[in-house]
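The values are calculated or read from the model by the stated rules, or taken from the named source; none is laboratory data. Keep in mind the model is a prediction, meaning the values are calculated, not measured. Heads up, the Cβs are rebuilt from the backbone with ideal geometry, glycines too, and the neighbour counts pull from every protein chain shown. For the accessible areas, the whole protein counts, side chains as well, though only heavy atoms, and no ligand, DNA or RNA atoms are used. Shrake-Rupley method; radii C 1.70, N 1.55, O 1.52, S 1.80 Å.
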Amino acid sequence: MAEAVISKEKNDAEILVDIKEIIQLKSVELIHLQFVDIEGILKSITVTVDQFDDVIEGKQMFDGSSVKGFSPINKSDLYLIPDYSTFAVLPWTIEEGYSEARFLCSAANPDGTPFEGDTRNVLKRTVERAADKGYTISVGPELEFFLFKADENGNPTMELGDNAGYFEPSPKDFGERVRLEIYRALKAMGFIIEASHHEVAEGQHEINFKYADALGAADMSTTYKWVVKTIAQKFGLHATFMPKPIFGINGSGMHVNMSFFKDGENAFYDPTDDLQLSQEAYQFIAGLVENVKSFTAITNPLVNSYKRLVPGYEAPCYIAWSASNRSALIRIPAKKGMATRVELRCPDPSANPYLTFAVIASAGLDGIEKGLQAQAAINEDIFHMTEERRAELGIDNLPGSLVEAVNELENGEIGRKTLGDHVFSEYVAAKKEEWDSYRTAVHTWELTNYQSKF
């Protein structure tokens, strides 16, 4: 009898046999073909299981001109190419004699070539670039989220789902029941869950899943956000991956742990070094430091992102690295050997994971290819340094707003090099439009401070 979880250790032909067995075993009737737009927002086309053969042959067409950042209207026809390894039965749809399943897909042009506007294809190109150097990329993301109560129409309110604090259990942590159901759903879909806990802020949570190859980790991040939101809704809650939903408390991050492997060994590990880091690891760190301002608009993509990247709430806003210092932008977790990795702490969970992992890996590869030398590690508490002390140590700041970050993206090299002309141009245009909308809107703060006074 086939398992309901697809093994990535098998080839496509073997996986396809398993998928057909699972469809019969679980009485799958509907299949959701999922992909993401340029911002990482999940999209879906649902077909009946009778269309399965056409689906796996990549014959499902869609209108790319209706998807943000995709095709112009005169070149709108695109096709969805399912990744067999992402097939999963959706556990919340299972009934007696009925269930639904999904594939995550990449987009292709009518001639079968990869569509350059698909961000999943952007990450694939970066993976191939690393492979040309002999590397495979391993990524372990950590996505935090908030739970808010929803109103009778299912719309989010500003009332938090609980008032617990860091690592607090039930009964204060009402979200514990929600996280349990999320865990069960993710496990049924093939995730290996490593930890689940309440985060620092009230109503804030985190569920950690095991690292994977870069594309697999991005697929899991996309799936994770969808499952979290879906399960939360069943409890009358709204889950948000907005980076800073409430002023005065911690925001939500997406720390990204990344390693390069070569010939089955961790290329970042060197037991003879004082920090047990290889030359490649130091060069990777140098590449991040060199390029981070140029890719912050990707890893922190919203106006709201820059309200998290401020001193006082654990989010890094200063460009420095350390072996253990959590006030630094880049940290080296204590585990070494095969677990040696570089943790970038600025990304937030609103980011498109395909683009985020691509630009981080690309920046690190640049450091390796160019033989860049990492600056000295900073082991002091950067948050409590004076401005003069930071200047003395040469510690620069991340961009302070979305418009600053977009300007850095435009003026830098890493964005266009990694994203390609199509995604780069569409992304920059979308972010400029977002900033202009924010800039010209009248906000509550302005009314509170100006309306009666003037």
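Key figures
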{"quantity": "Selected residue (criterion: most open to solvent (accessible area, probe 1.4 Å)) from residues of the range 135-169 that are among the small types (Gly, Ala, Ser) and part of a loop (DSSP other than H, G, I, E, B)", "calculated": "GLY154"}
{"quantity": "Selected residue [surrounded by fewer than 23 Cβ atoms within 10 Å (Cβ to Cβ) and either assigned to a loop (DSSP other than H, G, I, E, B) or on the phi > 0 side of the Ramachandran plot (or both)] from ASN304, ASN325", "calculated": "ASN325"}
{"quantity": "The lone exception for GLY264 - which of (1) within 29 Å of VAL89 (Cβ to Cβ); (2) surrounded by fewer than 20 Cβ atoms within 10 Å (Cβ to Cβ) it fails", "calculated": "(1)"}
{"quantity": "Qualifying position, being at pLDDT 95 or above and either assigned to a strand (DSSP E or B) or among the acidic types (Asp, Glu) (or both), among PHE260, PHE284, PHE295", "calculated": "PHE260"}
{"quantity": "Considering residues of the range 92-107 that are more than 25 Å from the chain's Cα centre (by Cα) and open to solvent by 60 Å² or more (accessible area, probe 1.4 Å) only, the residue farthest from GLY415 (Cα to Cα)", "calculated": "GLU96"}
{"quantity": "Scan of the range 332-342 for residues that are open to solvent by 30 Å² or more (accessible area, probe 1.4 Å) and either touching a Phe, Trp or Tyr at 6+ places or on another chain (Cβ under 9 Å) or not in a loop (DSSP other than H, G, I, E, B) (or both), ordered by number", "calculated": "LYS336, MET338, ALA339, ARG341"}
{"quantity": "Matching residues, the range 204-224, being among the polar types (S, T, N, Q) and out of contact with any strand residue (DSSP E or B) (no Cβ under 7 Å at 6 or more places or on another chain)", "calculated": "THR223"}
{"quantity": "Conditions (1) farther than 21 Å from GLU404 by Cα; (2) in contact (Cβ under 8 Å) with a residue 40 or more places away in the chain; (3) out of contact with any helix residue (DSSP H, G or I) (no Cβ under 8 Å at 6 or more places or on another chain); number of the one not met by ALA267", "calculated": "(3)"}
{"quantity": "Within the range 108-134, considering residues that are among the aliphatic types (A, V, I, L, M) and buried (at least 16 other Cβ atoms within 10 Å of the Cβ), the one farthest from ASP263 (Cα to Cα)", "calculated": "ALA108"}
{"quantity": "Selection status of LEU90, touching a strand residue (DSSP E or B) at 6+ places or on another chain (Cβ under 8 Å) and more than 30 Å from PHE424 (Cβ to Cβ)", "calculated": "yes"}
{"quantity": "Helices (runs of 4 or more DSSP H) (entirely within the range 344-454) containing at least 1 residues that are open to solvent by less than 30 Å² (accessible area, probe 1.4 Å) and free of Cβ contacts under 8 Å to residues at least 40 places away in the same chain", "calculated": "414-440"}
{"quantity": "Condition broken by TYR269, with the remaining ones in (1) hydroxyl-bearing (Ser, Thr, Tyr); (2) open to solvent by less than 10 Å² (accessible area, probe 1.4 Å); (3) in contact with a strand residue (DSSP E or B) (Cβ under 9 Å, 6 or more places away or on another chain) satisfied", "calculated": "(2)"}
{"quantity": "Test result for PHE103, under 30 Å from GLU426 (Cβ atoms) and assigned to a loop (DSSP other than H, G, I, E, B)", "calculated": "no"}
